[in-house]
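**Student:** Structure in structure tokens, see below.
The values are calculated or read from the model by the stated rules, or taken from the named source; none is laboratory data. Small disclaimer: the values here were computed from a predicted structure and weren't measured. When we count neighbours, we look across all protein chains shown, and the Cβ atoms used for this are built from the backbone with ideal geometry, even at glycine. In case anyone asks, the SASA skips ligands and DNA or RNA and just uses the protein heavy atoms, side chains included. Shrake-Rupley method; radii C 1.70, N 1.55, O 1.52, S 1.80 Å.
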Amino acid sequence: MSQVQPLVQEIVIPDRVKADNPRQSLAAEVAERSGTELNRCYQCRSCGNGCPFVQAMDYTPNQVIRLVQFGLRQEVLTCKTIWVCVGCHTCSSQCPMGIDLAAVMDTLRLMAVEAGVVIGKPNIIDFHEEVLRSLEKYGRAHKLGIMLGYKRQTGRWLKDLDLGLRMLAKRKLDLIPSRVRDANKEIADLFTCYWRESA
Amino acid sequence: MSDVKPQDFSYFPGCSLATTAAESNRSLMQAARILGLNLIELEDWNCCGSSSAQTMCRNLSLGMAARNLSLAPAGRPLVAMCPRCLHYLRSAQQCLQADPKTRAALEEKWGRPISTDLEIIHFMEVLVRYGLDRLKANARRSLKGLRFVPYYGCTLARPPRLAKETYFQGEMEHILTALGAEAVPDALMYRCCGSFLSATDPEIVTPLVQEIIGSAVAAKADCLVTACAMCQLNLEIRNTNRAKIPIFHFSEILALALGADDYEEWFVRHLVDPRPVIQKLSKAA
């Protein structure tokens, strides 16, 4: 006769309950990195009402704050809004609670790049990368090179072609880049960040 | 301090004024020369980092701006004309003040000291210090009859992170009305021009620019005067309104009033020809 198994196994009760997710909340992380207290937001929508670019956004700035408070990391890091924001600070200067929304957007963009998520407005990050390529090479922005590189990435060669030609005719686009003397030494050295590996 | 003449300044042109907005740089140099202000271009300056470095990597953004600070000789203020350059240079300085470790690391890397109490000011501040009366005494051409919208755009008046710094709301009006022009303030003076979205998503920017220009036309202004070279460009290239209205760099109107005579060279570089407005002005005189 085999030994009868006890019906109830011995249960080990830990003397302390460990939280499942010790990670800092999204709201706390964004507040810390942006240096602005976003939990003061009471959804008055001043930011969204004043934003000149709100029509091109998928969430209004106050909705972005809400996503952060709810901890919806994926939704907020992949949204378009954070990329459409150019940091004009209209929202920040209108917020009755003194929340620097532009700093929040800044932080969320960086977090999206760091997390390597799908970018909500890929053409905008393409543009920023093109600018950085120019800065790495010359130490200064060579606008003609940036626009050509950007067109190569997006494949939209005909867009703004007439404008480009008009600017060339007015000698507003220099063919030869203005550059830093020892760009290879002092400037290229600064380009050691993670975006290079992912790009 | 004692052996440095008070009118010496280090000058940071930035990428726009060095290239697309060369007319702003040229007219600024003329104005400074007439006023006896010695703007000494920062030797071997680099881009301030702009929004792109700020977006992609904080260290890069700080490093780009900090290298410029390391090139600036102590004892004379660093002057910028582009509001965004000014913003990034000041932000970097604040960062380095709070972070002596990074500052020391950068100083060692470049073998140059970075002064954290270097004064970083906009050219508008230089004019405020110069004094309106002295400025008026140098005027050679009256701006009488010129109705302008002082267009500040977003950066010269806002960033809360730098809230303790001086911003220059009203300063363009003070200066240009003292020189005889008439400010038309009932237009969209602080509405953002669209910044880099003008390059990536013109369809977002065009209606905004039309609204800004439309407000200026409705207020019966002859022109807009901008404090920022990027605003100037965006307002010119993204205006698809039938009404074309010239967009001047602040430095152009200033230099014009001070009697600079190479203005044809600046104005041919504009996409909206400003010469009819200028001719109207000289006829009235």
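**Student:** Quick check: at a probe of 1.4 Å, how many percent of the accessible area of the protein assembly as shown sits on carbon and sulfur atoms? Before the final figure, lay out each step's value.
**Tutor:** Working: 11570 of 22120 Å².
Solvent-exposed carbon and sulfur of the protein assembly as shown make up 52 percent of the total.
**Student:** Go through the stretch A:98-120 and flag every residue whose accessible area shrinks by 10 Å² or more with all protein chains in place compared to the isolated chain (probe 1.4 Å).
**Tutor:** A:Asp100, A:Asp106, A:Arg109, A:Leu110, A:Val113
**Student:** I would also like to ask the following. Enumerate cysteines in chain B without a disulfide-compatible partner, where compatibility requires another Cys Cβ under 4.7 angstrom.
**Tutor:** If one checks each Cβ against the other cysteines of chain B, B:Cys15, B:Cys47, B:Cys95, B:Cys223 turn up with nothing under 4.7 Å.
**Student:** While we're here: Who wins for biggest fluctuation among B:Asn138, B:Asn38, B:Asn59 in a Gaussian network model of chain B, springs between alpha carbons below 10 Å?
**Tutor:** Maximum among the listed residues: B:Asn59.
**Student:** A further question follows. Starting from the residue with the highest accessible area, list A:Tyr42, B:Tyr152 in decreasing order, probe 1.4 Å.
**Tutor:** From most accessible down to least: A:Tyr42, B:Tyr152.
**Student:** Hey, another quick one. Name the aspartates and glutamates eligible as straight-distance cross-link partners of A:Lys121: C-alpha to C-alpha under 17 Å, and not fewer than 8 places from it in the same chain.
**Tutor:** A:Asp58, A:Glu75, A:Asp106, A:Glu129, A:Glu130, B:Asp201, B:Glu203
**Student:** Summed for both chains, how many Å² of accessible area, to the nearest 100, are buried between B and A with a 1.4 Å probe?
**Tutor:** 4900
**Student:** Next up: Once the convex hull of the C-alpha atoms of chain B is built, how many Å³ does it hold per residue, rounded to a whole number?
**Tutor:** 126
**Student:** Can you give the FRET efficiency to the nearest 0.05 for A:Thr192 and A:Lys170, using r as the Cβ-Cβ distance and R₀ = 30 Å?
**Tutor:** Taking R0 as 30 Å, the efficiency between A:Thr192 and A:Lys170 is 0.20.
**Student:** Still on this structure, I have one more. Which residue fluctuates most in the GNM of chain B (Cα springs below 10 Å): B:Gly111, B:Gly180, B:Gly194?
**Tutor:** Its mean-square fluctuation being the largest, the pick is B:Gly111.
**Student:** Using only helices, what value at 222 nm comes out for chain A when you add -39,500 (n - 2.57) per DSSP H run of length 4 or more and divide by the total residues, to the nearest 500 deg cm²/dmol?
**Tutor:** -13000 deg cm²/dmol
**Student:** Under a plain spin-label model, where a point goes 7 Å from the Cα along Cα-to-Cβ, how far apart in nm are A:Lys80 and A:Asn123?
**Tutor:** Inter-label distance under the simple model: 1.1 nm.
**Student:** Once you have the alpha carbon radius of gyration of the stretch B:138-284, what is it after dividing by 2.2 N^0.38 Å, with N set to its residue count?
**Tutor:** Here the answer is 1.02, to two decimals.
**Student:** Looking at chain B, how many pairs of lysines come closer than 27 Å at the Cα, when each pair is eight or more places apart or spans two chains?
**Tutor:** Lysine pairs, 8 or more places apart or on different chains, close enough: 16.
**Student:** Taking only C-alpha pairs under 8 Å that are 6+ residues apart, what is the relative contact order of chain B in percent?
**Tutor:** That works out to 20 percent.
**Student:** What is the spin-label model distance, in nm, from A:Arg23 to B:Arg242 if the labels are put 7 Å beyond Cα along the C-beta direction?
**Tutor:** 5.7
**Student:** Now for a separate question. Give, rounded to the nearest 20 debye, the magnitude of the charge dipole that the protein assembly as shown has about its Cα centre when Lys and Arg contribute +1 at Cβ and Asp and Glu contribute -1 at Cβ. Walk me through the numbers before you get to the answer.
**Tutor:** Working: 58 positive and 51 negative charges, 195 e Å.
Dipole of the protein assembly as shown, to the nearest 20 debye: 940 debye.
**Student:** Moving on to the next point. Normalising by the residue count of the stretch B:138-284, find the relative contact order in percent from Cα pairs under 8 Å and 6+ residues apart.
**Tutor:** Over the stretch B:138-284, the number comes to 29 percent.
**Student:** Just to be sure I understand: with springs between alpha-carbon atoms less than 10 Å apart, which residue in B:Thr19, B:Thr206, B:Thr116 has the highest mean-square fluctuation in the Gaussian network model of chain B?
**Tutor:** B:Thr19
**Student:** How would you classify chain A from its alpha-carbon gyration tensor, with a ≥ b ≥ c the square roots of the eigenvalues: rounded for a/c under 1.5, else prolate if a/b is greater than b/c, otherwise oblate?
**Tutor:** Prolate, since a/c reaches 1.5 and a/b exceeds b/c.
**Student:** How much accessible area per residue does the protein assembly as shown have, in Å², with a 1.4 Å probe?
**Tutor:** 46
**Student:** Looking at the square roots a ≥ b ≥ c of the eigenvalues of the Cα gyration tensor of the protein assembly as shown, which shape do they give, rounded for a/c under 1.5, prolate if a/b is larger than b/c, or oblate?
**Tutor:** prolate
**Student:** Can you list the residues of the stretch B:94-136 whose accessible area drops by at least 30 Å² going from the chain on its own to the full set of protein chains, with a 1.4 Å probe?
**Tutor:** The answer is B:Lys109, B:Trp110 - residues whose exposure falls by at least 30 Å² when every protein chain is included.
**Student:** Here's another thing I want to ask about it. Quick one: Debye curve from the C-alpha atoms of the stretch B:54-165, no solvent, what's log10 I(q)/I(0) at q = 0.12 Å⁻¹?
**Tutor:** Taken in order of the listed q values, log10 I(q)/I(0) reads -0.54.
**Student:** With each label point set 7 Å from Cα along the Cα-Cβ vector, what nm distance links B:Glu108 and B:Val268?
**Tutor:** It works out to 5.4 nm between the two label points.
**Student:** Something else now. Between B:Asp133 and A:Leu148, take the C-beta separation as r, use R0 = 45 Å, and let me know the FRET efficiency to the nearest 0.05.
**Tutor:** Rounded to the nearest 0.05, the efficiency is 0.35.
**Student:** Eight or more residues apart or on different chains, and alpha-carbon atoms under 20 Å: count the Lys pairs in the stretch A:122-198 matching that.
**Tutor:** Step by step, the pairs that qualify in the stretch A:122-198 add up to 10.
**Student:** Heavy atoms only, 1.4 Å probe, whole protein assembly: order A:Val118, B:Val128, A:Val104 by accessible area, highest first.
**Tutor:** A:Val118, B:Val128, A:Val104
**Student:** Taking R0 as 45 Å, what FRET efficiency do you get between A:Arg45 and B:Arg140 from their Cβ-Cβ distance, rounded to the nearest 0.05? Mind showing how you got there, number by number?
**Tutor:** Details: r = 51 Å, r/R0 = 1.13.
Efficiency, from the Cβ-Cβ distance: 0.30.
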